[in-house]
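Values in this text are rule-based calculations from the coordinates and carry no lab data. Keep in mind that this is a model prediction, so the values were computed, not measured. Cβ sites come from the backbone with ideal geometry, for glycine too, and all protein chains shown count toward neighbours.
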Amino acid sequence: MKTEHSIAVIDYKAGNAPSVMHAAERLGFAAAYARDPGDIARATHIILPGVGSARATMDSLRDMGLAAPLEDAVLRRGALFMGICVGLQILFEHSEEEDTVCLGWLKGKVARFDGTKVRVPQMGWNLVRFTGDNPIAPPDGHFYFVNSYRAKPEDTADIWGQADYGGLFTAAVRRGNIYATQFHIEKSGSAGLGLLSGFLNLTGKGHGNAD
Amino acid sequence: MLTKRLIACFDIIGGRVTKAVQFQDNIDVAPAEELAREMYEAQIDELIFYDITASAEKRGIDIQTVAKVARMVFIPFTVGGGIKDLDGMYEALKAGAEKISVDSMAVRNPQIITLGAKAFGSQCVVLSVQVKREPKMPCGYEVYIDGARVATGLDALEWLRRGQELGAGEICVNSIDCDGTLQGYDYPLMRLAEKAVSVPLIASGGAGSPEHLKRLFTETDAQAAIISSMLYSPRLERNYSVRELKEYLASCGVPMRPFAQATTA
């Protein structure tokens with residue numbers, strides 16, 4: 001089954017694609033960097049790792065000519081998608097960070113943590129409780145976060161997991177073939193590798209994915 | 001809620017972890033990637049890797065060792081030493097590090113903090129500061145550079161505030177007075193630091209017993225503690241496991257990432 005998968009890890013300069021590649025390798029999957037539209041068009045599983053800012057990530061995707069191919073692959077073809085950290089935030093309509101218009105695949109906005117209540121950025125391991133019916137159902141556990149901003153989904157059905165940092169916030173989202181985590185699955189020890197393995201083992205059945 | 005972090009810190013010379021006392025007399029411990037894997041399997045929360053001779057030898061960071069460690073550990077991994085510019089930062093991130101620690105170089109060229117934060121995000125830039133008690137300074141502490149050898153005349157808190165303004169996403173405060181003494185962290189220093197800046201703080205220097213960690217996490221707002229001697233120094237009669245430290249701290253009411261029984265990956 002694994003050999004039928006074509007796993008693309010989007011590699012843009014601000015991202016931490018190598019860590020994601022290492023994690024996929026450790027799990028026994030052959031992943032490849034995606035740097036042009038053709039790489040996206042072929043992929044059954046697309047991972048968008050994110051560090052840096054929402055604006056830098058959006059700019060990189062546009063500069064690399066990947067924004068439109070991504071929409072084709074994920075929204076129309078139904079390729080499985082996993083966004084990580086800023087890769088979650090840019091799925092929403094808008095981020096407060098440098099007033100950035102994002103992809104808008106999910107309804108809602110991204111806002112900064114309240115610096116009067118908590119230290120910003122949030123940096124460290126936080127307990128995530130997963131909710132809802134989901135093909136990947138990781139046990140509740142501690143995952144590694146590094147974020148100053150967090151998403152506020154308009155449709156609560158999109159919320160897959162929550163954690164608490166000066167109040168509950170969205171730690172993971174899922175809608176159909178679109179998955180994303182605010183925490184770094186590639187840096188969350190065995191809990192993160194378990195979740196990544198769950199995603200890479202999805203076959204896309206029921207999502208209209210090309211198989 | 002967010003848990004407190006235990007960070008294993010490796011001083012690397014020629015690909016091997018060494019252990020110093022007050023920045024001197026390094027003795028050899030183990031190859032970096034071996035000890036990194038061991039610490040990962042012991043469920044340490046984070047790793048920091050300092051190439052401590054890179055600057056003195058006027059070379060870049062030991063990128064091969066960074067890459068070897070990065071393939072082995074799936075927890076956050078910070079590297080420092082010998083990184084002089086954006087290209088050096090990018091090279092280390094590309095090799096699989098998450099964060100770049102800047103220290104002496106940032107004192108000489110503070111703009112590197114801003115450049116790094118703009119290019120890779122402020123969460124990527126950890127400002128590491130070596131400080132020593134100095135009653136003549138406004139805050140009572142002075143910033144040192146170059147392996148604690150050179151006094152800068154900079155007031156420690158002033159530099160912390162400046163570092164945060166310039167874009168550092170996290171600050172590691174190293175007490176030269178406490179380093180390697182095993183007598184506990186400089187708690188008053190951390191209490192000053194927590195009021196001076198709002199980014200997460202890491203305390204470094206002096207941990208010798210679990211009680212020191214408890215004091216740090218209950219008496220100050222430090223988010224993370226660097227431990228090294230306690231975990232692996234051959235100079236100590238007794239080393240502690242990550243698990244016993246975490247279980248002890250949790251029993252004292254400190255929020256910790258619990259030790260997971262079964263690790264499959």
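Structure notes:
- Overall, the ratio between the Cα radius of gyration of the stretch B:91-137 and 2.2 N^0.38 Å, rounded to two decimals, is 1.36.
- Antiparallel bridges, percent of DSSP beta bridges restricted to the protein assembly as shown (to nearest 5): 45
- Over the protein assembly as shown, the alpha carbon radius of gyration divided by the compact-protein estimate 2.2 N^0.38 Å works out to 0.94.
- Dividing the C-alpha radius of gyration of the stretch B:129-227 by 2.2 N^0.38 Å, with N its residue count, gives 0.99.
- Inter-chain neighbour count for A:16-25: the average number of beta-carbon atoms from partner chains within 10 Å of each residue's beta-carbon is 4.
- From phi via Karplus (6.51, -1.76, 1.60), per-residue ³J(HN,Hα) for the stretch A:141-149 in Hz, x at Gly/Pro: x, 8, 10, 8, 10, 9, 7, 9, 10
- Distance from the Cα centroid of the stretch B:15-57 to that of the stretch B:200-220 is 20 Å (rounded to whole angstrom).
- Estimated vicinal HN-Hα couplings, Hz - the stretch B:172-183 in sequence order (Karplus 6.51, -1.76, 1.60; Gly, Pro = x): 9, 9, 9, 8, 5, 4, 8, 3, x, 7, 6, 9
- Over 19 Å [Cα-Cα, the stretch B:184-265], rounded percent: 41
- Alpha carbon convex hull of the stretch A:20-97, projected area averaged over orientations, nm²: 5.1
- Under the Debye formula (equal points on every Cα, no solvent term), log10 I(q)/I(0) of chain A at q = 0.15, 0.16, 0.18 Å⁻¹: -0.88, -1.02, -1.34
- Look at the stretch A:184-195: the mean tally of other chain Cβ atoms within 10 Å of its residues' Cβ atoms is 5.
- Residue-averaged beta-carbon neighbours from other chains (10 angstrom radius) around B:69-78: 5
- Global form of the stretch A:70-183, assessed from the alpha-carbon gyration tensor, a/c cut-off 1.5: oblate
- Taking the DSSP bridge list for chain B and keeping only pairs wholly inside it, about 30 percent are antiparallel.
- Calculated on the Cα set of the stretch A:134-206, radius of gyration then Dmax: 12.3, 38 Å.
- Projected over every direction and averaged, the convex hull enclosing the alpha-carbon atoms of the stretch B:5-251 yields 11.6 nm².
- For the stretch A:4-58, the fraction of C-alpha pairs more than 12 angstrom apart is 62%.
- Net dipole in debye of the stretch A:2-200 [+1 Lys, Arg Cβ; -1 Asp, Glu Cβ; about Cα centre; nearest 20]: 260
- Principal-axis tilt of helix A:189-200 within chain A, Cα atoms, nearest 10 degrees: 50
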